[in-house]
Number of protein chains: 2
Amino acid sequence: MASITIIDIAKMCGVGVTTVSRAINNHPDISEETKAMIMQVIKENHYVPNNSARNLKRSASKTIAVLIKGITNAFFNRLIQVFEKEIQQKKYSFILQRVDDKEDELEVAIELEKEKRLRGIVFLGGYFSHAKEKLEQLSVPYVLCTIGMTEEFDPNEYSSVSVDDFKESYKMVDYLCSQGHKKIALISATMDDVSIGKLRLEGYKKALADHGLAYNERLVRCMKEDLESYSMKNGYVVTKELLESEDEFTAIFAISDSLAIGACKAIFEAGKRIPEDYSVAGFDGVDISYYYNPSITTIRQPAEDIAEETIKILFDLIHKKTTHIHKVFPAELVVRESTMRIEQG
Amino acid sequence: MASITIIDIAKMCGVGVTTVSRAINNHPDISEETKAMIMQVIKENHYVPNNSARNLKRSASKTIAVLIKGITNAFFNRLIQVFEKEIQQKKYSFILQRVDDKEDELEVAIELEKEKRLRGIVFLGGYFSHAKEKLEQLSVPYVLCTIGMTEEFDPNEYSSVSVDDFKESYKMVDYLCSQGHKKIALISATMDDVSIGKLRLEGYKKALADHGLAYNERLVRCMKEDLESYSMKNGYVVTKELLESEDEFTAIFAISDSLAIGACKAIFEAGKRIPEDYSVAGFDGVDISYYYNPSITTIRQPAEDIAEETIKILFDLIHKKTTHIHKVFPAELVVRESTMRIEQG
DNA sequence: TTGTAAGCGTTATCAG
DNA sequence: CTGATAACGCTTACAA
């Protein structure tokens, strides 16, 4: 069954192809009458315009790509769902491209832009430490979502949406300190992470300092590079090592809820209790942090808001309605069962 | 920066466009020499062929769509990751389209096929109860993944990959019975689910019957239609209702791990213990079922195998290497901490 | 082995 | 308001 084209429709309606095109695309220059008639015929024949042809003709296709660095972390799933919904709502196509931890996401983006004639790009995750000249090869608007940027980048060169990773991390560690914890372990990103990983580490250090606590680098444990980043397994393995080491601590702050859950597993396996023996805190505020037993104290990021704002900014950029913007959402400390006050001592 | 085209490359190389095209597409009729030279120029200029143009020319674009019915259930995420990897590996584009619970996925598929000139489709989730004539409007190969089909469909008309939902469900309930449970609640799909929901319910009934246990419909609770299906929240709400009812039971079998975790939360909130007061079992074998506290007894579906086989069959179908196939993978009962033997009585 | 030229199905330009 | 017709960038007969 050869597919039906706009020409077929035009013939059936006894009009020119232009007119059919106008009907499809809601152009003003067409009478309501003919338009209704054409739409009727289109519906009856299940005609759907060929996307490739449209994209070829339009200089840019109506598609947005979302590039995710590293394998899916649960928090991203919520974001992605919102992206998808919003993009579909705007009648754009949506391309999800996961890029491996070792790959260069910018490289991928540049290729994809040409290949698929993208209208916009969302970068999710990763560090985004790229040379400026390479960044300039990207000619479509893009927004960095939940990727904290360090100072070396000119804020007028890109847009971003995130929480204040430094502040929120500080908030959690400050809370833990206020509960009497003096030896707080951190499950952090790998050391080469100059993005949120670094910011959260800095927040941790600052909070410690502000409470007059010494920074003990033996309590800072990085995720394993050979395991999926931010995964439960990673948290489990790292915590297990920590527990087996001689280093004492009373609380663990993991920079994602998934890591925190892995940490819990390791602690339970060691025959210890949470929060009586160890307090455990996470970051993100994904569903499972609430459902876990014990429920996990965490920093809840407003995922829906973040995702919606990301898309909003991206489309504003596409329509040239705005210059570069850096939207920072507040996150919320949610205290639950996995942490407790301990005796000063 | 106007994009560079195949013509530009041809000019730069001092050859015809055909030659460039041949170089790009690994055609045989070209000397290694010219090919190398052309590829070199392409690389230097960061040329990437316009996908729309290629797709327009080729009668079908090299793209596979995965349609997911209903909002993402954690189990699907693993499948999707594998799909993505495999499809990318085959140099095909990958389109992920979530379709709302109320929407007709077949309708969406038919549109998408025309619009994007798909080469193949994977259906994930849903019941897939469609009229044969409508099914015939789909002219590209498709594979049903983890969608149990009931008898009324002719197995020669479609391909599928899944576990034996009836058998695996039976296996779990049989296990629970063997542990002395006589009053086993079921958190099942909505009653209009004629697919895996129904099959798992049938497996439950059969196991009960084989153990000489009466079927008590008050112990069969359906997910709430107004909540995300298969979600933790759904399991939580349903279980809460169940606990507040007068109906006695000693075990709950939830047809997904997420539901099971929600159930656990409700039980803990009621001040009860797992497994001492209630045994809880899930289905799927997602990571969190292992990491949860207590770890959840479940049926582990071989997600990677299922996903890989789905893609394999789809491509075999595309290349006409096979007729319709129904691959059924065995799943595994994984006994963990959330269930226990109780006294006969 | 290489090049020329005709489409693929749309949309946009411009003349009726 | 409507309709020819020329692109859009690529693949592929067909010719050389």
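Annotations for the structure displayed:
- B:Lys35 being charged (D, E, K, R), free of Cβ contacts under 8 Å to residues at least 60 places away in the same chain and within 12 Å of DNA strand D (Cβ to nearest atom): no
- Selection count where residues are open to solvent by 20 Å² or more (accessible area, probe 1.4 Å), farther than 13 Å from B:Gly70 by Cα and more than 16 Å from DNA strand D (Cβ to nearest atom), scope segment B:117-134: 6
- A search for C-beta distances below 9 Å between a residue of segment B:15-28 that is within 14 Å of chain A (Cβ to nearest Cβ) and any residue that is more than 7 Å from DNA strand D (Cβ to nearest atom) and open to solvent by 40 Å² or more (accessible area, probe 1.4 Å), counting only pairs 6+ apart in sequence or on different chains, returns B:Ile24/B:Met39.
- Residues within segment B:264-283 that are more than 21 Å from B:Ser178 (Cβ to Cβ), open to solvent by less than 10 Å² (accessible area, probe 1.4 Å) and either charged (D, E, K, R) or more than 8 Å from every other protein chain (Cβ to nearest Cβ) (or both), tallied: 2
- Taken residue by residue, segment B:49-64 has at least one member that is open to solvent by 40 Å² or more (accessible area, probe 1.4 Å), away from DNA strand C (no atom under 12 Å from the Cβ) and closer than 26 Å to B:Ile313 by Cβ.
- Filtering segment A:69-79 to residues that are within 11 Å of chain B (Cβ to nearest Cβ) and in contact with a helix residue (DSSP H, G or I) (Cβ under 6 Å, 6 or more places away or on another chain) leaves A:Ala74, A:Arg78.
- Total residues in segment A:1-35 satisfying the condition of being away from DNA strand C (no atom under 12 Å from the Cβ) and open to solvent by 60 Å² or more (accessible area, probe 1.4 Å): the figure is 4.
- Residues of segment B:92-109 that turn out to be away from every other protein chain (no Cβ under 11 Å), out of contact with any Leu (no Cβ under 8 Å at 6 or more places or on another chain) and open to solvent by less than 30 Å² (accessible area, probe 1.4 Å), as a count: 1
- Residue in segment A:150-162 that is surrounded by 21 or more Cβ atoms within 10 Å (Cβ to Cβ), free of Cβ contacts under 8 Å to residues at least 60 places away in the same chain and closer than 23 Å to A:Pro302 by Cβ present: no
- The conditions of being within 12 Å of chain A (Cβ to nearest Cβ), acidic (Asp, Glu) and either over 16 Å from the mean Cα position of the chain (by Cα) or not in a loop (DSSP other than H, G, I, E, B) (or both) are not met by B:Glu157.
- Boolean, A:Glu217 is without any contact (Cβ under 8 Å) to a residue 12 or more places away in the chain and charged (D, E, K, R): yes
- Selected residue (criterion: farthest from DNA strand D (Cβ to nearest atom)) from residues of segment B:38-52 that are under 27 Å from B:Thr63 (Cα atoms) and more than 14 Å from chain A (Cβ to nearest Cβ): B:Met39
- Inspection of segment B:234-257 finds no residue satisfying the criterion of being over 20 Å from B:Asp277 (Cα atoms), under 24 Å from the mean Cα position of the chain (by Cα), at pLDDT below 95 and not hydrophobic (A, V, I, L, M, F, W, C).
The values are calculated or read from the model by the stated rules, or taken from the named source; none is laboratory data. What you see is a predicted model, and the numbers here were worked out from it, not measured in a lab. We place every Cβ from the backbone using ideal geometry, glycine too, and count neighbours over all the protein chains shown. For the accessible areas, the whole protein counts, side chains as well, though only heavy atoms, and no ligand, DNA or RNA atoms are used. Shrake-Rupley method; radii C 1.70, N 1.55, O 1.52, S 1.80 Å.
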